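Written out below as structure tokens is the structure these notes cover.
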Number of protein chains: 2
Amino acid sequence: MILPPSHIIRLRLDILCLTLTLCILSFSCKEKAITDTKDEVKTEVTSQNPTLSLSISEASEIKKLLNTNEVLKASFEEQKTKADKAIANGIEVPIPQDPGGGYSHEKHKRNYGEMYAAGIAYMITGDVKYSEFVTNMLLAYATLYPTLPLHPKRKENHPAGKLFWQGLNESVWLVNSIQAYSMVNSSISAENKKIIEDNVFKKVVEFISVDSKKTFNKIHNHGTWAVAGVGMTGYVLKDQDMVDRALYGSNKDKKTGFLKQIDMLFSPEGYYSEGPYYQRYAMMPFMLFGQAIQRNQPDLKIFEYRDQLLGKAVTTVLQLTDENGAFFPFNDALKEKNYLTSELIFASNIAFAYYKDSSLLPITYEHHKVSISGAGLSVAKALQNFDAKEYEKKPLLITDGKDGNDGGLALLRMPNLQNNEKLTSVFKFASQGMGHGHFDRLSLFLYDGKQEILQDYGAARFLNVESKQGGRYLPENKTWAKQTIAHNTVTVDETSQFNANVKASSKISPQLLFSNLRDEKIQIVSAKEENAYEDVAMQRTIALIKGNNSEQPPFVLDVYRIASDKKHQYDLNFMYQGHLMETNFGYTKESILSPLGTKNGYQHLWKLAEGKSDTNLATFTWLNKNRFYSISSLISKDSKMVFSLLGANDPEFNLRNDASYMLRENDKKDHVFVNVVEPHGNFDPKLESVQNPHSSVKHIQLLFSDEFYTVVKVMFANGENYTLTIVNQEHDPHKKHTITIDDQEFQWTGNYNLKTN
Amino acid sequence: MILPPSHIIRLRLDILCLTLTLCILSFSCKEKAITDTKDEVKTEVTSQNPTLSLSISEASEIKKLLNTNEVLKASFEEQKTKADKAIANGIEVPIPQDPGGGYSHEKHKRNYGEMYAAGIAYMITGDVKYSEFVTNMLLAYATLYPTLPLHPKRKENHPAGKLFWQGLNESVWLVNSIQAYSMVNSSISAENKKIIEDNVFKKVVEFISVDSKKTFNKIHNHGTWAVAGVGMTGYVLKDQDMVDRALYGSNKDKKTGFLKQIDMLFSPEGYYSEGPYYQRYAMMPFMLFGQAIQRNQPDLKIFEYRDQLLGKAVTTVLQLTDENGAFFPFNDALKEKNYLTSELIFASNIAFAYYKDSSLLPITYEHHKVSISGAGLSVAKALQNFDAKEYEKKPLLITDGKDGNDGGLALLRMPNLQNNEKLTSVFKFASQGMGHGHFDRLSLFLYDGKQEILQDYGAARFLNVESKQGGRYLPENKTWAKQTIAHNTVTVDETSQFNANVKASSKISPQLLFSNLRDEKIQIVSAKEENAYEDVAMQRTIALIKGNNSEQPPFVLDVYRIASDKKHQYDLNFMYQGHLMETNFGYTKESILSPLGTKNGYQHLWKLAEGKSDTNLATFTWLNKNRFYSISSLISKDSKMVFSLLGANDPEFNLRNDASYMLRENDKKDHVFVNVVEPHGNFDPKLESVQNPHSSVKHIQLLFSDEFYTVVKVMFANGENYTLTIVNQEHDPHKKHTITIDDQEFQWTGNYNLKTN
């Protein structure tokens, strides 16, 4: 937008006055200013009230450390360069007109980032050109904002913004802009302050907290951004009413608001029910507002709240990453996102500053960056004496639900001595996770080191890519990515869990039955889901088992028990990553490709081939990068092995052409899928050598199966046998069990038993 | 195999004698031996004649440097560890029975590697356990080898081996084993030497050079391995007849043999006509035998031969790599292969030692390893004062054919300031490249930094993976990978060049018309192919053009001119890597997939969609990793844009599911394809930012086209225009040209002219 004439005149006068003042200042400082860069006009920032993230004394300490502390220097330089570039480019506050990815959208996003950077540059250098930049931009917003209707490109059924097509962006704008304002407001004239506060901040707050009250009071990350922006604005504008509404909800009855969000959105371990991709995003307002509360209302002891929940939440989201640091792609998630994002720089810095948790330092070290804030300062100081090491990721059971009773997640992690990597098997038996949740109960993910072996598709979305529907979730996100068949779990009768109805699935969660992740030989988790399909009860037990000798990598034993009174079709799908090497069964490839089904995601799979076998073991081996993987499955002669390729009914090339391997059982009431997923051997194109390209699993037996016990036996080619007994009811780690199978008595204590040879 | 009783007795006696001798030695040396590791029995290696790669004095210098020279130490330790492990595991020389990848095959390969390692360990440590290991293994081979028939798993129409299914492996076995023997033979009893030389080396040489005379005299890499093994054996056995046959061919008439191979197999720049993947492999025997010749017949001045051809060949193969160091996948090539392979450690070490070419040091540095040889020693010493830097890859024109008249390759390389990477466009207009050649004339490859953007499929093969037909070339290598449609070039009438007949295509090559890779603004190459299709003449001009301003990345302008008296279908295919983002034309996706054609590779492509347009510009944009790419094409309303996916008629899942985009022109006599391939913008999932996701090309015009000149104009959205004039006949860099188009006169000197705006 172009500034109206009255503004331009005022600006010119301001600049004239300033120039005169500065000439004098610069003249009088001439002798002293040798160490300062020329052409910069500096004042001392002497008052700031209140502080959101960076106090005057912290800024002054940062300034002192800039020459000796590299990460601080680099981080500050980045902000300063950004601010300098922004000043050089001039101020532009366009009329909102484009959706995500479009010009006006991106420009308003850049604007708040640049104001924030200029605020920091001002706090550290004291150069008024930075505070003027923020002031002038906010004045431009002051002219524009009050005139704005709802955004022309707003989406139906989505809370709209004014500057942005969705209200969420408006809150993010506020969180950033109010921080910028808080850093420069001591240098702004009373008159301009009033204009800015009345016409920008109060108006935005009103829009977010009153006009958009429904979102403001939502127990949801959109609500968190809203209350964080409003609450922080309350502190800066010294409006306790704003703060209280942010903390306790519009009615200040504590039924909504920030504290209620902390209560409701996290499990006791700090798992956020939308999943880590959204948790990463949500942690930023949670931690930034937390920090502002701590600085302005320390009596609230926000970082102690709910048994230090905010700290736990940061640790949990960091643990929910693969060996590349990328978040496990639960629910709607973009797989490219990892813990190096700016949200987690803020969050991990604040967590370190308030909890003094040095286990976070490897992450902050990897960031190569800190936030320029009090929290960033403490990290930067700690990093000076820090020797680089890897962030420790542990086998972990994480419950879901505010009381920890809504299922959860198991991260099974075991070193693989064969390639000095870690084999990570993730088992998801969590709650729906709200609107971004997928119908993926009892799903399995497998990683070998940095490689994805059994994948979750993630979300069908190209974030911010305009040509892909403005970067929104694509239609295939609903028709494919959310459907049960897109996940490594069982689909019953080609229908998704809960008929893909979020309301229904949000009412009830899977249940953890038992787990033990502390045994060096076996990490095991068992969970059940009895509501996803009307008359079908499912229990899946995932065990990561260490090989008996050093030659043998760990393997996954996957026992998926299904019980029903009626006959169904059970499809256990594995979205494998890699290239098929061999099968021990015959199959026929299709010469013309048709979709595997007509709905619930099946319409997106091209059926490539179907196999059958007369033996009771199906082995499928694939190559992923330099390593082989096999799924060995207990089958019968009626089982079908189906290969498919994603991409059917995809009119706009929105889907990736990913492969899957499915075990299909027709007309079954009760059924137990028993599978071994095993990494093996290697393929070294440099040495031209291939080792152990074949599966070592020779036999799989289901020795026993009833409502009380499941007993399976896996026999390897080297003669090693593993017999796993699983307790299906009345779980108690101290209970003694005895069963007799074929005259052999099995006795053990606890919920499972692993017998080798 | 089990040693026959007579051998066991002899071995035991030997061991007894040795033990006695060593007891005495060890007793008398007790005081002096403090610095030696205990339990090792050392002698001084005092005589060795002849030397193939490592002399006694070099070994002694290496030993001295082990404590101070890290790369030498690590490289030696690797060999020693290998030898120690081999000794611990004991000797096994199995009856040959398995094909590539199978047990006996891999074991015989391991055996020669272990003998070679033990030979080195003996030279450096003097520990007789190593020489004994080599001796005993060779004695075992002496028992086995004379009894062997041709290998049971030999392939039809492929020269067979005895130890291995193919004769090539037998030659490689010899090259390695004779080196091992040359390092330990001074320590072997005369009796055992005779057994080994008579029953192993002479027999293997006889098999390779007499029984397999045809291969031995072949001007081909199989021939090179054969003559290298035989020639090196000749030096060690002091049999000049063997040496001469290796150097000058079976009849010593210089019509075949090593020197003739150097003459015939390389272009003047050292390009090996089979392509870099095979050149990498062939360089090992070329350089190892070269080194042996230099040491034993220095008068031959082998490294000076043909204007230092061997040195040029090493440099050329290193330049023929992408930014990952992987060889450009010309012809039958595995894409995983890069210059870190052991063959190139040997070759680059020898090249450095004899040519003192320090430009090779970055490569040898990246190897983190040297060969334990005189050559490796000079590299290791040079690396001590070497500061790591990148190997310099240049824009390069490399001719093909022994006289440089059989077309060639152009490597267009230009820095891309937008991402600090290099844009590399490879244009292949080389000769057939013998049996491993593909029908890919006038093909284009594009890389952006380390990313493959327009790919060549490479070979359909999983090297050494038993389940993929023993690691051999798969049937789809012939039916897909070699066919013209698998390459980024024009296929006429759905038929491959030369009807995919190697004999026909080997007779004649494409021709370079002109090139200039030295202009900062434009790198340009033009070549023609007039024999691949009976009545079709083709000329392709590839220009890599620098953007006029720093905001604009370089782009490829691709002008593909076709002339014919008859009507044809012209398919210009682009095997793009990435995900489709947008097109500026409509298309209909197929709801059932059928193959695009019935033969010549078309049967392997699933037809996904076909598009048409009423405008004369087709734009197709895709995303590869974090960057966008567009192909903008001059089209008419009759043009078809066809999307396809590889994988049809692939009964055993041998093919990758790669994507392609094709421009199809039907019923055309003359036609000019004009395409701009342009990298642009970026996609940063960390910052959630997207820049320049759309192509900047606004118009493409074919201003003029006849047999003498082609003039094209490309107009960008920012108003910049590029007009490229191409001379089609009588190429002369000094000739003046004038043409008038629409009253506008174009005047220039030389084979092309680029006019901007």
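The values are calculated or read from the model by the stated rules, or taken from the named source; none is laboratory data. Quantities reported herein were computed from a predicted structural model and do not represent experimental measurements. As a convention, Cβ positions derive from the backbone with ideal geometry for all residues, glycine included, and neighbour counts pool all protein chains shown. For accessibility, only protein heavy atoms count, side chains too; no ligands or nucleic acids. Shrake-Rupley method; radii C 1.70, N 1.55, O 1.52, S 1.80 Å.
Tell me, yes or no, whether region B:545-555 has at least one residue that is in the same structural domain as B:VAL677 (by TED's automatic domain parsing) and under 25 Å from the mean Cα position of the chain (by Cα).
Looking for residues that are in the same structural domain as B:VAL677 (by TED's automatic domain parsing) and under 25 Å from the mean Cα position of the chain (by Cα), one finds none in region B:545-555, hence no.
Return only the number of the condition from (1) open to solvent by 20 Å² or more (accessible area, probe 1.4 Å); (2) assigned to a helix (DSSP H, G or I) that B:GLU269 does not satisfy.
Exception for B:GLU269: condition (2).
Can you name the condition, by its number, that A:THR723 falls short on among (1) surrounded by fewer than 20 Cβ atoms within 10 Å (Cβ to Cβ); (2) within 14 Å of another protein chain (Cβ to nearest Cβ)?
(2)
Restricting attention to region B:63-87, and to residues there that are over 33 Å from the mean Cα position of the chain (by Cα) and more than 18 Å from B:ALA375 (Cβ to Cβ), which single residue is most open to solvent (accessible area, probe 1.4 Å)?
The extreme case among them is B:ASN67.
Every residue in region A:110-129 that is open to solvent by less than 10 Å² (accessible area, probe 1.4 Å) and over 16 Å from A:SER373 (Cβ atoms), please.
A:ASN111, A:GLY126, A:ASP127
Hey, could you check region A:550-603 for residues that are of a type in the set (Gly, Ala, Ser) and within 12 Å of chain B (Cβ to nearest Cβ) and say which is farthest from A:ASP535 (Cα to Cα)?
It comes out as A:SER591.
Being outside the structural domain of B:THR321 (by TED's automatic domain parsing), in a helix (DSSP H, G or I), among the small types (Gly, Ala, Ser) and out of contact with any strand residue (DSSP E or B) (no Cβ under 7 Å at 6 or more places or on another chain) is the requirement here; does B:GLY458 meet it?
Criteria not met by B:GLY458.
Looking only at region B:539-558, decide whether some residue is aromatic (Phe, Trp, Tyr), surrounded by 23 or more Cβ atoms within 10 Å (Cβ to Cβ) and farther than 24 Å from B:ILE726 by Cβ.
There is no residue in region B:539-558 that is aromatic (Phe, Trp, Tyr), surrounded by 23 or more Cβ atoms within 10 Å (Cβ to Cβ) and farther than 24 Å from B:ILE726 by Cβ.
With respect to the numbered conditions (1) touching a residue at least 40 places away in the same chain (Cβ under 8 Å); (2) more than 14 Å from chain A (Cβ to nearest Cβ), which one is the sole condition not fulfilled by B:LYS478?
All conditions pass for B:LYS478, except number (1).
Can you name the residue in region A:335-354 that is more than 16 Å from A:SER53 (Cα to Cα) and open to solvent by 10 Å² or more (accessible area, probe 1.4 Å) and is also farthest from the other protein chains (Cβ to nearest Cβ) among such residues?
Start the filter on region A:335-354 by keeping residues that are more than 16 Å from A:SER53 (Cα to Cα), which leaves A:335-341.
Adding the requirement that they be open to solvent by 10 Å² or more (accessible area, probe 1.4 Å) leaves A:335-336, A:338-340.
Working: A:LYS335: 9, A:GLU336: 4, A:ASN338: 8, A:TYR339: 10, A:LEU340: 6 Å.
Ranking the qualifying residues of region A:335-354, first place goes to A:TYR339.
Give A:PHE716, A:PHE708, A:PHE746 a once-over and let me know the one that is more than 30 Å from B:HIS367 (Cα to Cα) and open to solvent by 30 Å² or more (accessible area, probe 1.4 Å).
That would be A:PHE708, the only listed residue that is more than 30 Å from B:HIS367 (Cα to Cα) and open to solvent by 30 Å² or more (accessible area, probe 1.4 Å).
Out of the residues in region A:152-161 that are in contact with a helix residue (DSSP H, G or I) (Cβ under 9 Å, 6 or more places away or on another chain) and not basic (Lys, Arg), state the one that is most open to solvent (accessible area, probe 1.4 Å).
A:HIS158
Pull out all pairs, ordered by first then second residue, where Cβ-Cβ is under 7 Å, the residues are six or more apart or on different chains, the first lies in region B:445-464 and is within 14 Å of chain A (Cβ to nearest Cβ), and the second is in a strand (DSSP E or B).
B:ALA459/B:TYR473; B:ALA460/B:TYR473; B:ARG461/B:TYR473; B:ASN464/A:SER689; B:ASN464/A:VAL690
Tally up the residues in region B:677-709 that are assigned to a strand (DSSP E or B) and either more than 36 Å from the chain's Cα centre (by Cα) or within 10 Å of chain A (Cβ to nearest Cβ) (or both), please.
Qualifying residue count, region B:677-709: 14.
Taking the residues in region B:656-676 that are within 13 Å of chain A (Cβ to nearest Cβ) and open to solvent by less than 10 Å² (accessible area, probe 1.4 Å) as candidates, determine which candidate is nearest to B:GLU582 (Cα to Cα). Break it down into steps so the answer makes sense when it comes.
Initially, region B:656-676 is screened for residues within 13 Å of chain A (Cβ to nearest Cβ), giving B:656-661.
Among the residues that remain, those that are also open to solvent by less than 10 Å² (accessible area, probe 1.4 Å) are: B:660-661.
Details: B:SER660: 14, B:TYR661: 13 Å.
Per the stated criteria, the residue is B:TYR661.
Just need a number here: residues in region A:162-219 that are open to solvent by 30 Å² or more (accessible area, probe 1.4 Å) and polar (S, T, N, Q).
Filtering region A:162-219 for residues open to solvent by 30 Å² or more (accessible area, probe 1.4 Å) gives A:162, A:166, A:186-187, A:189-191, A:193-195, A:197-199, A:202-203, A:206, A:210-211, A:213-214, A:217-219.
Still in the list and also polar (S, T, N, Q): A:166, A:186-187, A:189, A:199, A:217.
The qualifying residues number 6.
So which helices (runs of 4 or more DSSP H) are wholly in region B:51-131 and hold at least 3 residues that are polar (S, T, N, Q), in the same structural domain as B:LEU148 (by TED's automatic domain parsing) and out of contact with any strand residue (DSSP E or B) (no Cβ under 7 Å at 6 or more places or on another chain)?
B:70-89
In region A:295-334, which residues are outside any loop (DSSP other than H, G, I, E, B), more than 14 Å from chain B (Cβ to nearest Cβ) and aliphatic (A, V, I, L, M)?
A:LEU300, A:LEU309, A:LEU310, A:ALA313, A:VAL314, A:VAL317, A:LEU318
Here is a list: A:LYS607, A:LYS637. Which entry is modelled with pLDDT of 95 or more, open to solvent by 10 Å² or more (accessible area, probe 1.4 Å), among the basic types (Lys, Arg) and outside any loop (DSSP other than H, G, I, E, B)?
A:LYS607
Yes or no: A:THR316 open to solvent by 20 Å² or more (accessible area, probe 1.4 Å), over 23 Å from A:SER53 (Cα atoms) and polar (S, T, N, Q)?
So A:THR316 does not fit the description; no.
Kindly indicate whether any position in region B:110-126 is over 26 Å from B:GLU191 (Cβ atoms) and within 14 Å of chain A (Cβ to nearest Cβ).
Checked region B:110-126: at least one residue is over 26 Å from B:GLU191 (Cβ atoms) and within 14 Å of chain A (Cβ to nearest Cβ).
Report, ordered by the first and then the second residue, all pairs with beta carbons closer than 8 Å, sequence separation of six or more or different chains, a first member in region B:189-208 that is in contact (Cβ under 8 Å) with a residue 40 or more places away in the chain, and a second member that is among the β-branched types (Val, Ile, Thr) and outside any helix (DSSP H, G or I).
B:ILE196/B:ILE188
Matching residues to (1) without any contact (Cβ under 8 Å) to a residue 12 or more places away in the chain; (2) buried (at least 24 other Cβ atoms within 10 Å of the Cβ); (3) outside the structural domain of A:PHE352 (by TED's automatic domain parsing):
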site: A:THR224; (1), (2), (3): no, yes, yes
site: A:GLY231; (1), (2), (3): no, yes, yes
site: A:GLY234; (1), (2), (3): no, yes, yes
site: A:LYS238; (1), (2), (3): no, no, yes
site: A:ALA246; (1), (2), (3): no, yes, yes
site: A:LYS254; (1), (2), (3): yes, no, yes
site: A:LEU259; (1), (2), (3): no, no, yes
site: A:ASP263; (1), (2), (3): no, no, yes
site: A:PRO285; (1), (2), (3): no, yes, yes
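Do you know which residues across region B:682-695 are surrounded by fewer than 22 Cβ atoms within 10 Å (Cβ to Cβ) and either in contact (Cβ under 8 Å) with a residue 60 or more places away in the chain or out of contact with any Ser or Thr (no Cβ under 9 Å at 6 or more places or on another chain) (or both)?
B:ASN682, B:ASP684, B:SER689, B:GLN691, B:ASN692, B:HIS694 - these are the residues of region B:682-695 that are surrounded by fewer than 22 Cβ atoms within 10 Å (Cβ to Cβ) and either in contact (Cβ under 8 Å) with a residue 60 or more places away in the chain or out of contact with any Ser or Thr (no Cβ under 9 Å at 6 or more places or on another chain) (or both).
Could you please find all residues in region A:461-508 being assigned to a loop (DSSP other than H, G, I, E, B) and of a type in the set (S, T, N, Q)?
The answer is A:ASN464, A:SER467, A:GLN483, A:ASN488, A:THR489, A:SER496, A:ASN501.
Among the residues of region A:612-634 satisfying the criterion of being in a loop (DSSP other than H, G, I, E, B) and at pLDDT 95 or above, which is surrounded by the most Cβ atoms within 10 Å (Cβ to Cβ)?
Step one: of region A:612-634, the residues in a loop (DSSP other than H, G, I, E, B) are A:613-616, A:625-626.
Within this subset, residues satisfying the condition of being at pLDDT 95 or above are A:613-616.
Numbers: A:SER613: 20, A:ASP614: 9, A:THR615: 12, A:ASN616: 15.
Ranking the qualifying residues of region A:612-634, first place goes to A:SER613.
Only one of these conditions is not met by A:LEU174: (1) within 17 Å of A:TYR281 (Cβ to Cβ); (2) modelled with pLDDT under 95. Which number is it?
Failing condition for A:LEU174: (2).
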